[in-house]
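Asker: I have a structure here, written as structure tokens, and I will follow up with some questions on it.
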Amino acid sequence: MSFFKKLKDKMTQQTTDVSEKFKSGLEKTRTSFSGKMNELVARYRKVDEDFFEELEELLISADVGVTNVMELVDGLKDEVRLRNIKDTVEIQPVISEKLAGLLEKDGDDAGLNLKENELSVILVVGVNGVGKTTSIGKLAHLLKSQGKSVVLAAGDTFRAGAIEQLDVWGERVGVPVIKQQAGSDPAAVMYDAVAAAKSRQADVLICDTAGRLQNKINLMNELAKVKRVIEREVPGAPHEVLLVLDATTGQNALAQAKAFGQSTDVTGLVLTKLDGTAKGGIVIAVRQELDIPVKFIGLGEQKDDLQPFDAEQFVYGLFKDMIESNEA
């Protein structure tokens, strides 16, 4: 049984709503990638060095990352020799299988590290403009739909409109927002938010943070101060530090992840705006080059469009057209 067939059979057993989210959310990426892949296969009837050279260019243009592409293509060449593959059509399932392997790492835990019967604190970080506050609202909605009591902390007191934006999301998803005046000390906001979450016996406190101060050093120092206050009030917290990255910025998102990873204890990544980019390979790039799991991906504008990351769902959403035509 081919990888395409196994993947298709498995997806038919999964939750239909989730599969549809991945398929519709990745439509732009899939259309671009599958279209180019089909053109490549149509031009080359046999698997040769010229085919691999163009495949490398295709994958690099999709933001998979140069190092990852080289390793992937070397692995494909080995598989071609091992399986005695001659026709380019036969290599399509092998490519998708290799990409799925890059997304999955042994010991990965894509789920959130939440405490039972006590307050869990999630610190959300990232530069301005990546969709951080929006992701917080969507995450609150997701957790609330799972039966959890959620409180939000408006810790981005420096960006104009940030507090109001989080307020709007709080009203939209029906969770309280703890806030102070614009320009207030974010650490003081966190202190109040922890106290409020405890008094309400909340399950989860999600904390927004500043995305930009005068320079990177100031930003990282501010985040460290916020973390100290949270840890003092809730020993062992924050239980998750989620870094939000804009998938449409490609390799720049990778650079941001490396900068935050050096200064904060990032435990998971949230990749936003995947519905708005034709370069979904950035998911593979960040997964391979950073030892941090992708925990959520943003696949649309609605409050339920933040989805827990699933490597197989992602690959299926990326290759749906190829899979269905291959197995027809």
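Asker: Only residues that are in contact (Cβ under 8 Å) with a residue 12 or more places away in the chain, open to solvent by 60 Å² or more (accessible area, probe 1.4 Å) and farther than 23 Å from Arg30 by Cα: list them for the range 48-104, please.
Answerer: Lys86
Asker: Pull up the range 115-130, narrow it to residues that are surrounded by fewer than 21 Cβ atoms within 10 Å (Cβ to Cβ) and in contact (Cβ under 8 Å) with a residue 12 or more places away in the chain, then point me to the one that is farthest from Ala195 (Cα to Cα).
Answerer: Only one residue tops the list, namely Gly129.
Asker: Filter the range 261-319 down to residues that are under 16 Å from Ile136 (Cα atoms) and among the hydroxyl-bearing types (Ser, Thr, Tyr) and give me whichever is least open to solvent (accessible area, probe 1.4 Å).
Answerer: Checking each candidate, the answer is Thr272.
Asker: If you go through the range 249-259 one residue at a time, do you hit one that is buried (at least 22 other Cβ atoms within 10 Å of the Cβ) and part of a loop (DSSP other than H, G, I, E, B)?
Answerer: Checked the range 249-259: no residue is buried (at least 22 other Cβ atoms within 10 Å of the Cβ) and part of a loop (DSSP other than H, G, I, E, B).
Asker: Step by step: first the residues of the range 134-153, then only those that are under 15 Å from the mean Cα position of the chain (by Cα) and of a type in the set (S, T, N, Q), then the one that is surrounded by the most Cβ atoms within 10 Å (Cβ to Cβ). Which residue is that?
Answerer: Ser135
Asker: How do the pairs read when you match residues in the range 218-237 that are outside any loop (DSSP other than H, G, I, E, B) with residues anywhere that are open to solvent by 70 Å² or more (accessible area, probe 1.4 Å), using Cβ under 7 Å and keeping only pairs 6 or more apart or on different chains?
Answerer: Leu219/Arg212; Val229/Tyr191; Glu233/Tyr191
Asker: Please verify whether the range 54-63 includes one or more residues that are over 29 Å from the mean Cα position of the chain (by Cα), in a helix (DSSP H, G or I) and at pLDDT 90 or above.
Answerer: No, the range 54-63 has no match at all.
Asker: Can you tell me which residue in the range 121-165 is modelled with the lowest pLDDT, limited to those that are part of a strand (DSSP E or B) and closer than 25 Å to Asn252 by Cβ? Even if it seems obvious, please write down each step before you answer.
Answerer: Taking the range 121-165 and keeping what is part of a strand (DSSP E or B), we get 121-125, 150-153.
This time we only want the ones that are closer than 25 Å to Asn252 by Cβ, so: 122-125.
Numbers: Ile122: 98, Leu123: 96, Val124: 96, Val125: 93.
Among those residues, the one meeting the criterion is Val125.
Asker: Among the residues in the range 194-209, are any assigned to a loop (DSSP other than H, G, I, E, B), within 23 Å of the chain's Cα centre (by Cα) and either closer than 10 Å to Gly155 by Cα or hydroxyl-bearing (Ser, Thr, Tyr) (or both)?
Answerer: Yes, because at least one residue in the range 194-209 is assigned to a loop (DSSP other than H, G, I, E, B), within 23 Å of the chain's Cα centre (by Cα) and either closer than 10 Å to Gly155 by Cα or hydroxyl-bearing (Ser, Thr, Tyr) (or both).
Asker: What about Lys36, is it closer than 30 Å to Val226 by Cα and either open to solvent by 60 Å² or more (accessible area, probe 1.4 Å) or not in a helix (DSSP H, G or I) (or both)?
Answerer: no
Asker: To continue, here is another question. In a loop (DSSP other than H, G, I, E, B), on the phi > 0 side of the Ramachandran plot and modelled with pLDDT of 80 or more - does that describe any residue in the range 97-110?
Answerer: no
Asker: If you don't mind, there's one more thing I want to ask. Within the range 11-28, is there a residue that is open to solvent by 40 Å² or more (accessible area, probe 1.4 Å), at pLDDT 85 or above and not charged (D, E, K, R)?
Answerer: no
Asker: Tell me, which residue of the range 72-96 that is polar (S, T, N, Q) and modelled with pLDDT of 85 or more is farthest from Val315 (Cα to Cα)?
Answerer: Looking at residues that are polar (S, T, N, Q) and modelled with pLDDT of 85 or more, I get Asn84.
Asker: Which residue is modelled with the lowest pLDDT, if the candidates are limited to the range 181-227 and must be buried (at least 17 other Cβ atoms within 10 Å of the Cβ) and of a type in the set (Asp, Glu)?
Answerer: Here the answer is Glu222.
The values are calculated or read from the model by the stated rules, or taken from the named source; none is laboratory data. The structure displayed is predicted, hence computed values, not measured ones. A quick note on method: Cβ atoms are made from the backbone with ideal geometry, for glycine too, and the neighbour counts reach across all protein chains shown. Please note that ligands, DNA and RNA were not included when accessible areas were found on the heavy atoms of the full protein model with its side chains. Shrake-Rupley method; radii C 1.70, N 1.55, O 1.52, S 1.80 Å.
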